[in-house]
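To start, the structure itself, in structure tokens.
Each value in this text was obtained by applying a stated rule to the coordinates, not by laboratory testing. Treat the numbers as computed from the prediction; the structure is a model and nothing was measured. Every residue, glycine among them, receives a Cβ derived from its backbone with ideal geometry; neighbour counts consider all protein chains shown.
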Amino acid sequence: MSDCSFEVAIVGGGIMGAATAYNLAKAGVSVGLFEKGRVGGEQSSRNWGAVRQQERDPAELPLMLESVRLWTGLEEELGTGLDWYQRGHLSLAYDEKTGAEFEKWIPIGREHGLDTRMLSSKEVHDLLPHYRDSDCRGGLFTSSDGCAEPEKVAVAFARAASARGAEIFELTSVSSIESQNGDACALWTEQGRMRANTIVVTTGAWTSRLLKPLGIRHPSLWIRGNVARTNVLPIEIRKLVAWGKTAYRQRSDGRVNIAAARRAFHDLTTDSFVYGPAFLPVARDYWGRFRFSVGRHMVRSLMGEFADFTTHRTLDPTPEWKVLEQAAKLFAQEYPEAGPIRLERGWAGFMDFMPDNLPVVGEIPGHRGLFMAAGFSGAGFGMGPVIGRIMADLIQGNPTGHDLRPFSPNRFSKRIRTRESEHA
Ligand SMILES: Cc1cc2nc3c(=O)[nH]c(=O)nc-3n(C[C@H](O)[C@H](O)[C@H](O)COP(=O)(O)OP(=O)(O)OC[C@H]3O[C@@H](n4cnc5c(N)ncnc54)[C@H](O)[C@@H]3O)c2cc1C
């Protein structure tokens, strides 16, 4: 196939691309979505499934409030089960200092009408009857938060988009974006050139690489998150997301997804040196939570493996088994009635972090018709439904109902000189 044309062409079939395709197709817009691997194969199927308003940046809260409203009707809207549960998000405190930190967020939530409150240790134990940790001093709880099964959601959006006429191209990477006189006009894909009036970039961890040749700086770094899944446990944990000594969420089949809370890994690549300086102002806040590693990924980036979009159809980093086993041990101590815990599988995913922890959403200044939604900084799953709705409205020139200035694509701008941008 070559020189096909769409009103809107979307690059990247994670939750953001698929939800945008769905909302556009529903509005009768012709859409093509191009995914280098399988829909939802990267972050969107690998996350913990938390749909969280609690402890969000105030700029994101109005979007998350709308997203939660959309989540509550999403199974009906998409016509399929997503294992959506609205049973709260709980951050546990083991010392008074953490509890006091949590309390500072309550007025922010309240200003937006949220039901966030501090629970006493007794209330935590009432909420989680099998929880047996006597160190717990209480927790921050938002009952309207929820969770869903990540493996189901991007795929459900893509199927529903396809049923409304969107064309979904899997195993079709986009190598570059073509523009004429500043207007985005076509994609170069593995299936040839695709013309489009509007192009949307929802490429998650790959975004800086795709935009760099256009002279667009997107200073995002990869942070590796790790998750493990247990055997079916003979206890019920209310199907909420809890963050304590470990982070966990019970699935509808009784298995529990476990992760090491507040621990993250940065595998150094050449990008670490290009974009790392943009993170220096916030480095102190995260120091101690991060572990850096120099190894395979540095070699791969030096060999140029991440510079094309076909070598890694699906980014599939190796999980930190030791850390996951430690997390499972802590979980077992807190839930002795769960019995012996076996980790049936584990996986990892690269999250695309921005220096200010906020995503980039909107039309890229100086590039008419080129839109992006990326850099969700480890918290984009919950936002997927609202971002899909907002992107579709932005593209059609409709009011979005939200202040998107904090997410402006040029807030880090410092034009990169490339051969392509010099000739643009
Ligand atoms: C371990 C882990 C835990 C997380 N936990 C949570 C959580 O509990 N709650 C929450 O809200 N968020 C969480 N997140 C973050 C969340 O998963 C992401 O923010 C969200 O999924 C981002 O969606 P996306 O569509 O932007 O990116 P992705 O899902 O990464 O999709 C981008 C897609 O673009 C494709 N692509 C890239 N380049 C090209 C190209 N050139 N051509 C074609 N296709 C291309 C990729 O193959 C990929 O499928 C977590 C993430 C991880 C990894």
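Okay, here's what the table says:
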| read-out | value |
| --- | --- |
| Value of relative contact order over the stretch 106-145, rounded to a whole percent, pairs C-alpha under 8 Å and six or more apart | 47 percent |
| Computed helical MRE - 222 nm, the chain, DSSP H runs ≥ 4 contributing -39500 (n - 2.57), nearest 500 | -9000 deg cm²/dmol |
| Quotient of Cα Rg and 2.2 N^0.38 Å for the stretch 89-143, N being how many residues it contains | 1.11 |
| GluC sites (Glu not before Pro) restricted to DSSP loop in the stretch 126-176 with at most 15 other C-beta within 10 Å | GLU170 |
| Whole-Å semi-axes of the ellipsoid equivalent to the chain (Cα gyration tensor, √5λ, descending) | 36, 23, 21 |
| Degrees separating the helix 270-286 axis from the principal Cα axis of the chain, which is the longest one | 40 degrees |
| The stretch 303-424: relative contact order as a whole-number percent, Cα under 8 Å and 6+ apart | 20 percent |
| Pairs beyond 30 Å (Cα-Cα), from LYS212/LYS245; LYS104/LYS239; LYS36/LYS329; LYS212/LYS239; LYS26/LYS212; LYS36/LYS239 | LYS212/LYS245; LYS36/LYS329; LYS212/LYS239; LYS26/LYS212; LYS36/LYS239 |
| Cα centroid separation - the stretch 309-371 against the stretch 248-266, whole Å | 10 Å |
| Nearest 10 degrees, 0 to 90: helix 15-26 Cα axis against the chain principal axis | 60 degrees |
| Span per principal axis, largest first, for the Cα atoms of the stretch 357-407 (Å) | 28, 21, 16 |
| Protection-proxy order for peptides 202-209, 296-303, each taking the mean of Cβ atoms within 10 Å per residue, highest first | 202-209, 296-303 |
| Helix 384-395 axis, angle to the chain major axis (alpha carbon atoms, nearest 10°) | 30 degrees |
